[in-house]
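A short worksheet on the structure shown next.
The values are calculated or read from the model by the stated rules, or taken from the named source; none is laboratory data. Just so it is clear, the model here is predicted, and its values are computed rather than measured. Cβ: placed from backbone, ideal geometry, glycine included. Neighbour counts: every protein chain shown. These accessible areas exclude ligands, DNA and RNA; they are computed on the full protein's heavy atoms, side chains included. Shrake-Rupley method; radii C 1.70, N 1.55, O 1.52, S 1.80 Å.
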Amino acid sequence: MAHAHATIGITAYAVSIKAGNHSLLADEPERLGGQDAGPAPYDLLLASLGACTAITLKMYADRKQWAFESIDVQLTHRKEGDRSRIERVLGIQGALSPEQRTRMAEIAERTPVTLTLKSGADIHTTLG
């Protein structure tokens, strides 16, 4: 089970985040009143998707023993009306056949974070 804890104080809009054993900082860009001291929330969302995509594809290529060198995942997010749209471009380096590359793109569509984002997640909020 994943766990994260986010805390904000009086500094606009710096958020201290503890995720597992790791600490990081999120913020808004200066144009939105923040100090740009860390990634903005949507940047963190894209980072999560990018990390899950890269890790899943590396695991798959390793398991198949494919001649893979690196995977680059480029992500952008934008709003289209009431919906969000995420564009993901995979750059796969290595001696892979066209069929293997196609398979990697298919696997990218089924990574855990991809499936969570596509299906949505129930969020239950309580006061502590």
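Brief remarks on what is shown
Yes/no per residue for (1) in contact with a Gly (Cβ under 7 Å, 6 or more places away or on another chain); (2) touching a residue at least 24 places away in the same chain (Cβ under 8 Å):
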residue	(1), (2)
V15	no, no
K18	no, no
H22	no, no
R31	no, no
L46	no, yes
L75	yes, yes
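- Enumeration of residues in the stretch 1-22 that are assigned to a strand (DSSP E or B) and touching a strand residue (DSSP E or B) at 6+ places or on another chain (Cβ under 7 Å): A4, H5, A6, T7, I8, V15, S16, I17, K18, A19
- Residue ID - nearest to A47 (Cα to Cα), chosen from residues in the stretch 87-101 that are touching a Leu at 6+ places or on another chain (Cβ under 9 Å) and open to solvent by less than 60 Å² (accessible area, probe 1.4 Å): R88
- Yes/no for D43 being open to solvent by less than 80 Å² (accessible area, probe 1.4 Å), more than 17 Å from T111 (Cα to Cα) and either among the hydrophobic types (A, V, I, L, M, F, W, C) or at pLDDT 95 or above (or both): no
- Residues that are hydroxyl-bearing (S, T, Y), open to solvent by less than 40 Å² (accessible area, probe 1.4 Å) and over 17 Å from L117 (Cβ atoms) occur at least once in the stretch 54-72.
- Taken over the stretch 102-116, the criterion of being of a type in the set (K, R) and surrounded by 14 or more Cβ atoms within 10 Å (Cβ to Cβ) is satisfied by R103 alone.
- P39 within 21 Å of T116 (Cβ to Cβ), touching an Asp or Glu at 6+ places or on another chain (Cβ under 8 Å) and of a type outside the set (A, V, I, L, M): yes
- Qualifying residue in the stretch 74-81 (condition: touching a strand residue (DSSP E or B) at 6+ places or on another chain (Cβ under 7 Å), surrounded by 12 or more Cβ atoms within 10 Å (Cβ to Cβ), within 21 Å of A47 (Cβ to Cβ) and of a type in the set (A, V, I, L, M)): yes
- For the condition open to solvent by 50 Å² or more (accessible area, probe 1.4 Å), more than 16 Å from the chain's Cα centre (by Cα) and either under 24 Å from S84 (Cα atoms) or at pLDDT 95 or above (or both), Y13 qualifies.
- For the stretch 22-46, the candidate set comprises residues that are of a type outside the set (A, V, I, L, M) and more than 17 Å from the chain's Cα centre (by Cα); within that set, the residue that is farthest from A6 (Cα to Cα) is R31.
- Within the stretch 80-91, residues that are closer than 14 Å to T114 by Cα reach partners that are open to solvent by 60 Å² or more (accessible area, probe 1.4 Å) and not charged (D, E, K, R) with beta carbons closer than 6 Å, at six or more positions or on different chains, in the pairs E87/T76; V89/Q74.
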